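Here is the structure we will look at, set down as structure tokens.
The values are calculated or read from the model by the stated rules, or taken from the named source; none is laboratory data. Bear in mind that the values here come from a model prediction, so they are computed numbers and not experimental data. Backbone-built Cβ (ideal geometry, glycine too); neighbour counts: all protein chains shown. When the accessible area is computed, the model is the full protein with side chains, heavy atoms only, and any ligands, DNA or RNA have been set aside. Shrake-Rupley method; radii C 1.70, N 1.55, O 1.52, S 1.80 Å.
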Amino acid sequence: MNFIRIIFLSIVLFPAVFTSQIKEKSIEEIDLKSTKKKLKKKENPAYEILQEVWKRKKSNGLSQFKDYQFDEYEKIEVDVTNIDSAFTKKKIFKDLDFVFQYADSTENGKNLTLPLYFNESIYKNFGKSDPKKQKRDIIANKSSGFSSNEVVANTAKNLYKEINIYDNILNFFNIGFTSPIAKDGFGSYEYQLLNDENVSGTDCYKIRYTPKRKDVLSLYGMVYISKQNYAVVRATIKSSRNINVNFVNGFYNELEFYNPNDSIFLPRKNYQEIQMSIFGKNDKSKSILAKRSTFFSKYSFDQNLNDDIFERETQSLSDESVQKSDDYWELERKEPLSKSEQNIYKMIDELNKVPKFKKAVKVYETLASGYFNVFDAIDIGDVYSTVGFNDVEGFRLRLGARTYFSPNDMWRAAFYTAYGFKDKQLKYGFEARKMFDRTNRFTIGAGTRRDVIQLGAQLTTDEGIMTRSFASSGVLNSGNNFNLSSVNQTSAFTAIDPFKNFTLRLDATYQTIKSANPDKFSLDYYKNGELFSEITDSKLAFSVTARPGAKFSQYGVDRYEHSTLAPTLVLKYTQGLKGVFNSDFNYSKLQFYYFQPILLKSFGRLLLNVEAGKNFSTVPLALQNVLPGNQSYSLIPNTFALLNYYEFVADEYATFHAEHHFNGKLLSYIPLIKKLKLRELVFYRTAVGSLSDASKNINATNLTLSAPNKPYYEYGFGIENIGFGNLRLLRIDFNWRGNYLENTDARKFGVKVGFQYNF
């Protein structure tokens with residue numbers, strides 16, 4: 001949800017911003033109407049040139065050397081565009097009207113562009129090829145003065161994806177677009193060879209590309225290819241008009257490369273614009289324009305870099321050590337600031353002195369994070385978890401708080417208390433965490449809770465104290481759910497990252513578990529011939545988590561994660577400790593989790609999820625593997641939409657989820673439907689497992705325990721991108737159950753609804 005914060009901040013500060021639609025002249029217009037007859041691929045002179053590019057397909061030069069380093073200067077500006085005179089006179093701008101002194105006129109001279117945010121950063125990049133290591137050190141940072149400027153800066157940076165023009169697929173907003181120089185590019189684009197042009201002293205072929213179908217996710221622009229070595233010297237990439245991406249009216253990229261020899265290329269300069277609006281893509285609306293310029297310089301190679309460079313502490317954008325003087329910036333900037341860029345710093349400094357503005361920022365911070373900060377020390381929340389409902393507690397109210405001095409706090413404590421109006425019981429939870437080292441993120445923590453929760457809401461569980469499952473907190477659910485458990489838990493953990501994006505964690509837990517509603521749900525079990533209703537469990541859980549390619553900002557105990565296509569792999573081993581604090585059982589459990597998003601060219605995005613596990617011991621229901629059902633009407637990832645809670649229980653299991661998003665490719669062929677800009681998706685879920693007779697016989701529950709010895713499966717399709725204008729967050733799924741229709745209360749069909757906060 002972090003990616004919409006800049007848009008939301010703009011709404012808070014300028015509520016009338018999104019009332020009608022804009023045409024931003026700075027995004028280069030390219031005529032889509034070709035004046036020449038379309039040629040067959042092999043008759044097109046551009047085809048012969050692109051064949052030479054494919055033969056000499058270059059690789060990023062950084063991978064060709066033992067080690068490398070280079071400097072990177074980045075500046076990001078966020079503007080509100082197309083402001084008219086009527087807008088500036090609205091009452092909401094009382095005491096704030098001075099900001100329009102800093103606005104620039106648009107090209108038509110009638111409207112204004114008001115700068116909203118500006119950030120400059122200087123980085124030093126290091127890398128090694130064998131073994132592969134990368135480090136990006138922030139050297140200097142300067143932001144316009146929001147109190148939450150690091151969050152805003154990271155949100156702005158996260159809008160942009162680093163792209164390689166030589167890749168077949170270009171990633172914008174985690175949506176795949178065919179590259180204009182891809183080998184299969186002629187399936188997506190029409191190419192036209194224009195007059196030669198000299199770019200930065202290099203004689204180039206100039207080729208225009210335009211989309212064959214303008215009603216799908218497509219691009220157009222120019223590529224400039226060196227006549228000497230057939231390298232891309234410059235490229236422009238522009239989205240088609242009315243692009244079917246949430247919040248986005250359009251985007252524009254301009255890439256420049258340095259080609260030192262025939263086999264490699266190095267980035268020289270990137271310029272990117274993203275134009276965003278909430279209500280639509282009409283040319284006259286007020287919009288947000290985010291602009292980013294990046295300059296790469298001072299490349300050096302094979303310097304025998306010391307490994308200490310990759311192990312030293314990483315700084316944060318808000319660290320005092322990266323705040324530099326004005327003289328430093330005057331010297332190190334790769335291009336002078338324009339007058340409007342200089343004025344942003346002055347304007348925000350003045351705004352920060354206005355109480356009305358401070359209140360607006362406070363509202364933004366609360367709604368974006370879910371927490372209300374007091375005294376620059378405590379956050380009250382999460383406000384979105386205040387109200388819940390289930391059949392055991394009835395309506396449930398929850399109040400919580402956490403320490404929060406800055407985004408980079410090295411320690412954090414949090415607590416909550418909750419009350420159920422039906423069971424009339426008070427619940428609580430408390431957790432404290434302390435990180436001792438930023439580089440390897442060595443952290444310890446401990447906590448305790450007494451609460452009513454839904455066991456079996458997920459297979460590979462989070463051992464954290466503050467988490468709570470959707471199943472016991474939802475407001476709308478199908479059927480009754482009395483199968484909740486009362487849990488008293490005390491836990492401690494330690495975690496460390498010996499390598500980047502690779503975490504080792506050890507959890508120690510003591511807990512007692514019993515039914516929260518014994519009249520309708522039993523967790524009874526036999527032990528040594530006696531019947532028990534409450535289980536005492538002491539256990540150790542060791543997990544290994546790998547997130548190759550994941551990107552994070554902020555380096556405190558909590559981190560801000562950028563949206564990427566990084567996979568997630570988790571291997572977890574749990575050992576029950578009989579006799580430790582009167583624990584009842586020895587048991588061993590091994591679990592594996594894998595999640596991977598994949599871009600499939602212009603065919604959309606595939607999400608794959610695999611889980612497998614085995615319980616090597618005989619344990620009662622409270623400690624078993626429960627295939628996660630979903631009796632709510634909400635979309636819940638990694639659950640089975642038509643399974644009831646506790647419908648399947650397994651000693652060993654394997655599950656597979658596949659969900660493919662076509663991004664509107666199919667619906668765009670239907671004449672009337674395509675105007676709605678809906679997107680289609682399909683999904684398939686299956687699970688297989690077994691449950692031994694010993695595991696059945698140890699339990700005295702009132703539930704019938706069984707496992708899906710024959711694979712259970714469900715399937716369906718969904719419609720997403722439902723809404724109006726650029727605000728299309730709603731998704732509806734239609735689910736069908738494939739088998740086990742004879743099970744008690746089996747649901748053959750179900751509809752799930754939810755909001756998706758993505759592009």
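Residues within the reach of a label modelled at Gln342 (point 7 angstrom out along Cα to beta-carbon, backbone nitrogen below 20 Å), restricted to the range 113-138, are 113-121.
Extension gain, Phe372-Tyr757: 0.36 nm per intervening residue step, less the Cα-Cα distance, totals 136.5 nm. Here each label is just a point 7 Å from Cα along the line to Cβ, and for Lys214 and Met410 those points are 5.8 nm apart. Extents of the range 228-269, taken as max minus min of Cα coordinates on every principal axis and listed largest first, are 41, 16, 12 Å. Helices in the chain that qualify as membrane-span-like (whole DSSP H runs, Cα extent of at least 20 Å along the helix axis, mean Kyte-Doolittle hydropathy of -0.5 or higher) are 355-369. Exposure here means at most 15 other Cβ atoms within 10 Å; with GluC sites (Glu not before Pro) in a DSSP loop as sites, the longest stretch of the chain lacking them is 314-741. Taking square-rooted eigenvalues a ≥ b ≥ c of the alpha carbon gyration tensor, is the range 293-440 rounded, prolate or oblate, where a/c under 1.5 means rounded and, failing that, a/b exceeding b/c means prolate? Cα axes put the range 293-440 in the oblate bin. Taking N as the residue count of the range 674-747, its C-alpha radius of gyration divided by 2.2 N^0.38 Å amounts to 1.68. Taken about its Cα centre, the chain carries a charge dipole of about 2080 debye when Lys and Arg each add +1 at the Cβ and Asp and Glu each add -1 at the Cβ. Size descriptors for the range 372-438 (Cα atoms only): Rg and Dmax, in that order, 14.5, 45 Å. The Kirkwood radius of the range 475-601, taken over pairs of alpha-carbon atoms, gives through the Stokes-Einstein law at 4 °C and 1.567 mPa s a diffusion coefficient of 72 µm² s⁻¹.
Just in the range 356-430: which trypsin sites (Lys or Arg not before Pro) are loop by DSSP and have at most 15 other Cβ atoms within 10 Å?
On the way: sites: Lys356, Lys358, Lys359, Lys362, Arg396, Arg398, Arg402, Arg412, Lys422, Lys424, Lys427; in loops: Lys422, Lys424.
Here the sparse-neighbourhood loop sites are Lys422, Lys424.
So what is Rg over Rh here for the range 576-656, counting just Cα atoms and using Kirkwood for Rh? Write out the running numbers ahead of the final one.
Working: Rg = 16.7 Å, Rh = 15.1 Å.
That ratio equals 1.11.
Pairs over the 22 Å Cα-Cα cut-off, from the set Lys142/Lys353; Lys500/Lys572; Lys212/Lys286; Lys427/Lys572; Lys90/Lys359; Lys514/Lys539: Lys212/Lys286; Lys427/Lys572. Separation of the range 330-373 from the range 390-445 is 31 Å, based on Cα centroids.
Per-residue ellipticity at 222 nm for the chain, helices alone: DSSP H runs ≥ 4 residues times -39500 (n - 2.57), over residue total, nearest 500 deg cm²/dmol?
Values: 9 runs with 78 residues, N = 759.
Rounded to the nearest 500, it is -3000 deg cm²/dmol.
Per residue, the convex hull spanned by the Cα atoms of the chain measures out at 182 cubic angstrom.
State the extension gain, in nm to one decimal, for the chain segment bounded by Asn582 and Gln228, taking 0.36 nm per residue of separation less the distance between their alpha-carbons. Please list the in-between numbers first.
Values: separation 354, 0.36 × 354 = 127.44 nm, distance 7.83 nm.
Extra length available between Asn582 and Gln228 comes to 119.6 nm.
Please give me, ordered by residue number, the trypsin sites (Lys or Arg not before Pro) of the range 698-755 that lie in loop per DSSP and have at most 13 other Cβ atoms within 10 Å. Answer by residue number: Lys748.
Considering only C-alpha atoms, what is the centroid distance from the range 712-744 to the range 489-562, in Å? Measuring centre to centre over Cα atoms gives 30 Å. Here Lys748 is the anchor, and the aspartates and glutamates within straight C-alpha reach of less than 16 Å, apart from those fewer than 8 places off in the same chain, are Glu647, Glu714, Asp733.
Since only Phe100, Ser553, Ile513 are under comparison, the one whose Cα sits farthest along the positive direction of the charge dipole of the chain, derived from C-beta charges on Lys, Arg, Asp and Glu, is Phe100. Placing a pseudo-label 7 Å from each Cα along the Cα-to-Cβ vector at Asp308 and Tyr573 gives an inter-label distance of 3.6 nm.
With R₀ fixed at 41 Å, the C-beta to C-beta distance from Lys358 to Gln425 puts the FRET efficiency at about 0.55. Each residue of the range 539-551 is assigned a 3J(HN,Hα), and the resulting list reads 8, 10, 10, 10, 10, 10, 10, 10, 10, x, x, 5, 10 Hz, derived from the Karplus form 6.51 cos²θ - 1.76 cosθ + 1.60 (θ = phi - 60°), x at Gly and Pro. Of the trypsin sites (Lys or Arg not before Pro) in the range 193-233, the ones in a loop by DSSP (not H, G, I, E or B) with at most 16 other beta carbons within 10 Å are Lys212, Arg213, Lys214, Lys227.
Shape class for the range 206-343, computed from the alpha carbon gyration tensor (a ≥ b ≥ c): oblate, with a/c not under 1.5 and a/b at or below b/c. When the surface is traced with a 1.4 Å probe over the full set of protein chains, Leu730 keeps roughly 50 Å² accessible. Taking the charge dipole of the chain about its Cα centre, with +1 at Lys and Arg Cβ atoms and -1 at Asp and Glu Cβ atoms, the residue from Asn721, Leu116, Leu705 reaching farthest to the positive side is Asn721. Length gained on full extension, Ser300 to Ile444, computed as 0.36 nm times the residue gap minus the Cα-Cα distance: 47.9 nm.
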